[in-house]
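The values are calculated or read from the model by the stated rules, or taken from the named source; none is laboratory data. Keep in mind it's a predicted model, so treat the numbers as computed, not measured. Cβ placement follows ideal geometry from the backbone for every residue including glycine, while neighbour counts extend to all protein chains displayed. Please note that ligands, DNA and RNA were not included when accessible areas were found on the heavy atoms of the full protein model with its side chains. Shrake-Rupley method; radii C 1.70, N 1.55, O 1.52, S 1.80 Å.
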Amino acid sequence: MTYKKTLLITGGAGFIGSHVVRHFVKKYPEYKIVNLDKLTYAGNLLNLIDVEPEENYMFERGDITDKDYLKGLFGEHQFDGVIHLAAESHVDRSISSPDDFVQTNIVGTVNLIAACLSIWGSDFDGKLFYQVSTDEVYGSLGDDGYFTESTPYDPKSPYSASKASADHLVRAYSHTFKIPVILSNCSNNYGPFQFPEKLIPLMINNIKKEIPLPVYGDGSNVRDWLWVEDHVKAIDLIFHEGKTRETYNIGGNSEWKNIDLVMEICRIMDEKLNRPQNFSQGLIQFVEDRKGHDKRYAINTQKIETQLGWKAEMSFSKGLEKTIDWYLENTDWLEKVTSGAYQEYYQEHYKI
């Protein structure tokens, strides 16, 4: 079959990436979608069982820090576009192992855009490199104000610094070599298939097991929460209708203090598990604050709303309940992820 476009989605077995892959495979059967993932601890092919049989889907296991591998991959598929989501993304891990973040998030991104340049040359018609980034590159807000696309970068953690570096390099390649690029910066995503080191699935899993719920500091840090499928719709819209060399901020307009969110999860879980009222709140334990913990993130979404017509559709209350229901209904997935057994799926499925 001849496809209209061949797209590379990196990190497509991860949380956000798997939702992006599923969306593009199902919505655009005229596109060939190649999912490139290294399958580290957060990459899980169980997230994509439903799209594996699709003719326009292909999985490649590989490492974006491997230049020679990318050269062969790009030569074989002649990609028309790249949606780049592959990244080390957990702040705590970046504090303990910053080198991994430098390699994947900075070196890997440069390798990818350089590979694009090598196959596209100076013919950029119909081509696009889409860098998916984070609001954390902007630093930390006080009690007031919002991040906009013109907010100066001021990263505070090794994770956010590595993403900021990658963003700068993508823009530099675009300026120097004229590669068409687009960037987006999103707030905290939540929803099904998120690895349970992140706040919401961590609390759901710990409440289910009746083990302590660790909350950093006094729990007053504020995050803006974005339903992952709303994010995916924004990515689709930006990829197809966004202006090249522009940046779009994607937020959920749902700010919560960490402690308030944890208490809300406790309340909903107690109801769903038929536990006594306030039972799970007794599991909350305040722990030593994260080093350099950013106080508040909040995004102004006016640009993407006015220019592209996107708006977050899912209310946080409904999205949180849907997320909790998914984890409670998919205990097998959760058990495999927390035990590490999910990593066996690749060997079993691909026989290597």
Open item on the list: Can you pull out every residue in region 132-170 that is farther than 20 Å from Phe79 by Cβ, in contact with a Leu (Cβ under 9 Å, 6 or more places away or on another chain) and assigned to a helix (DSSP H, G or I)?
Closed with: Asp167
Task: Test for Glu54: is it charged (D, E, K, R) and touching a helix residue (DSSP H, G or I) at 6+ places or on another chain (Cβ under 6 Å) - done: yes
- [ ] Search region 162-178 for residues that are basic (Lys, Arg) and pair each with any residue that is in a helix (DSSP H, G or I) and open to solvent by less than 40 Å² (accessible area, probe 1.4 Å) when their beta-carbon atoms are under 7 Å apart and the residues are at least 6 apart or on different chains.
- [x] Lys163/Asn105; Lys163/Glu136; Lys163/Val137
TODO: Would you mind finding the one in Asp37, Asp92 that is without any contact (Cβ under 8 Å) to a residue 60 or more places away in the chain and under 24 Å from Trp227 (Cβ atoms)?
DONE: Asp37
Open item on the list: Suppose we keep only residues that are out of contact with any Pro (no Cβ under 7 Å at 6 or more places or on another chain) and in a helix (DSSP H, G or I) within region 271-286. Which one would you say is most open to solvent (accessible area, probe 1.4 Å)?
Closed with: Glu271
- [ ] Write out, first by first residue and then by second, each pair whose Cβ atoms fall under 7 Å of each other, whose residues are 6+ apart or on separate chains, and whose first residue, in region 51-74, is within 13 Å of Val21 (Cα to Cα) while the second is part of a loop (DSSP other than H, G, I, E, B) and open to solvent by less than 40 Å² (accessible area, probe 1.4 Å).
- [x] Tyr57/Val51
Task: Residue list for region 232-267, restricted to those being open to solvent by 60 Å² or more (accessible area, probe 1.4 Å) and either over 22 Å from Lys127 (Cβ atoms) or of a type outside the set (Asp, Glu) (or both) - done: Lys233, His240, Lys243, Thr244, Arg245, Asn253, Glu255, Trp256, Lys257, Asp260, Met263, Arg267
Task: Test set (1) surrounded by 21 or more Cβ atoms within 10 Å (Cβ to Cβ); (2) in contact with a strand residue (DSSP E or B) (Cβ under 9 Å, 6 or more places away or on another chain); (3) not aromatic (Phe, Trp, Tyr) - Leu73 fails condition number - done: (1)
Task: Tally, over region 36-67, of residues that are modelled with pLDDT under 95, surrounded by fewer than 18 Cβ atoms within 10 Å (Cβ to Cβ) and not polar (S, T, N, Q) - done: 1
Open item on the list: So in region 171-222, with the set limited to residues that are among the polar types (S, T, N, Q) and assigned to a helix (DSSP H, G or I), which one is farthest from the chain's Cα centre (by Cα)?
Closed with: Thr176
